[in-house]
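Trainee: Have a look at this one before I ask anything.
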Amino acid sequence: MLPLLSLFSWVICCQGAMEGSQSFIILQLSHFWDPSSVQFWGNASLGGLTTHTLEGSGHNISIQQLQRLEPPEHWKQTKEQLLTYLSEFQGLVQLVNKERGVAFPLTLRCSLGCELPPDGQDAHVFFEVALNGSSFVSFQPEKALWSASPDQSHPPELYDFTLKQLNSYNRTRFELLEFLQDKCVGFLKQHTDRVSKPVSPSYTMLILGIIMGVFTISSVAVGIFLCTGGRWS
């Protein structure tokens, strides 16, 4: 229980960016006690202000929009799509466990986003994945490549397999780079000062695209790990 609580504290505390900077950060934490029991936590913050939260287990999941980024009718569709994703996510874990076998409990943490330094320097973008409380892999935007964490606390075979998969596809390299550098940074530059104001249809569609894009990319990272058999920890 203590490792799980420390991870949950990380989700709450890791919303701060560089002092004086503007940021858009999304965090997702998934903890599987066994193939059929999972707990989700997550949040998104814009300019240091929490905009969305996600928490729950199984089919009892609460997703809240804390700032009026989408009108009620659009937000209802967003929630339905997110709940569908989480249901499919659980189904993926159950399927892989049935076919390959997975070591439980299993915890995956994804954090990603973009920051604009206050001194006008280039934007900083990032995507980091941790497994079972330890840093695992991170995205290097300079080369559009994934790399292993410096400490490499997991077995070499797991890093070799995962990095080969992540670095073999445009979706997890160049499309991810475009998502972070163009969509995330562009969104941040245009709308940080409008977070509490009514938004245009184009803005709501961008919000939807960012949220769904993040969860889709996160599921890719989860799938790659689970397809190794999940026995390394």
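Trainee: Filter the range 85-107 for residues that are under 15 Å from the mean Cα position of the chain (by Cα) and at pLDDT 85 or above and give the result. If you could, list the steps in order and put the result at the bottom.
Mentor: So the first thing to find is which residues in the range 85-107 are under 15 Å from the mean Cα position of the chain (by Cα), and the list is 85-86, 89, 107.
The answer is T107, and nothing else.
Trainee: Among what's in the range 15-38 and is modelled with pLDDT under 50 and surrounded by 15 or more Cβ atoms within 10 Å (Cβ to Cβ), pick the residue that is nearest to V125 (Cα to Cα). Steps first, please.
Mentor: Step one: filter the range 15-38 for residues modelled with pLDDT under 50, giving 15-20.
Keeping just the survivors that are surrounded by 15 or more Cβ atoms within 10 Å (Cβ to Cβ) gives 15, 17.
Details: Q15: 14, A17: 11 Å.
Among those residues, the one meeting the criterion is A17.
Trainee: Name the single residue that is surrounded by the fewest Cβ atoms within 10 Å (Cβ to Cβ) among those in the range 160-175 being under 15 Å from Q140 (Cβ atoms) and not β-branched (V, I, T).
Mentor: Taking the range 160-175 and keeping what is under 15 Å from Q140 (Cβ atoms), we get 162-163, 166-167, 172-174.
Cutting the leftovers down to not β-branched (V, I, T) gives us 163, 166-167, 173-174.
Working: L163: 16, L166: 21, N167: 15, R173: 17, F174: 11.
For the range 160-175, the residue satisfying everything is F174.
Trainee: Out of A103, A123, I need the residue that is closer than 24 Å to L176 by Cα and aliphatic (A, V, I, L, M). Which one? Before you say what the answer is, go through the steps one by one.
Mentor: Details: A103 fails: closer than 24 Å to L176 by Cα.
When all the criteria are applied, what remains is A123.
Trainee: Working carefully through the options S134, S111, find the one that is modelled with pLDDT of 80 or more and within 25 Å of L46 (Cα to Cα).
Mentor: Working: S134 fails: within 25 Å of L46 (Cα to Cα).
S111 is the lone residue from the list that is modelled with pLDDT of 80 or more and within 25 Å of L46 (Cα to Cα).
Trainee: Further question on the same structure: Looking only at the range 92-101, which residues are assigned to a helix (DSSP H, G or I) and surrounded by fewer than 19 Cβ atoms within 10 Å (Cβ to Cβ)?
Mentor: Matches in the range 92-101: L92, Q94, L95, K98, E99.
Trainee: Still on this structure, please answer the following. Considering each residue of the range 52-84, count those that are farther than 25 Å from S36 by Cβ, more than 19 Å from the chain's Cα centre (by Cα) and not in a loop (DSSP other than H, G, I, E, B), and give that number.
Mentor: Matching residues across the range 52-84 total 6.
Here is a yes/no grid of residues against (1) of a type in the set (F, W, Y); (2) exposed (fewer than 14 other Cβ atoms within 10 Å of the Cβ); (3) over 23 Å from F139 (Cβ atoms):
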{"residue": "F40", "(1), (2), (3)": "yes, no, no"}
{"residue": "N43", "(1), (2), (3)": "no, no, no"}
{"residue": "E55", "(1), (2), (3)": "no, no, yes"}
{"residue": "E73", "(1), (2), (3)": "no, yes, yes"}
{"residue": "Q90", "(1), (2), (3)": "no, no, yes"}
{"residue": "A103", "(1), (2), (3)": "no, yes, yes"}
{"residue": "L108", "(1), (2), (3)": "no, no, no"}
{"residue": "G113", "(1), (2), (3)": "no, no, no"}
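The values are calculated or read from the model by the stated rules, or taken from the named source; none is laboratory data. Bear in mind that the values here come from a model prediction, so they are computed numbers and not experimental data. Heads up, the Cβs are rebuilt from the backbone with ideal geometry, glycines too, and the neighbour counts pull from every protein chain shown.
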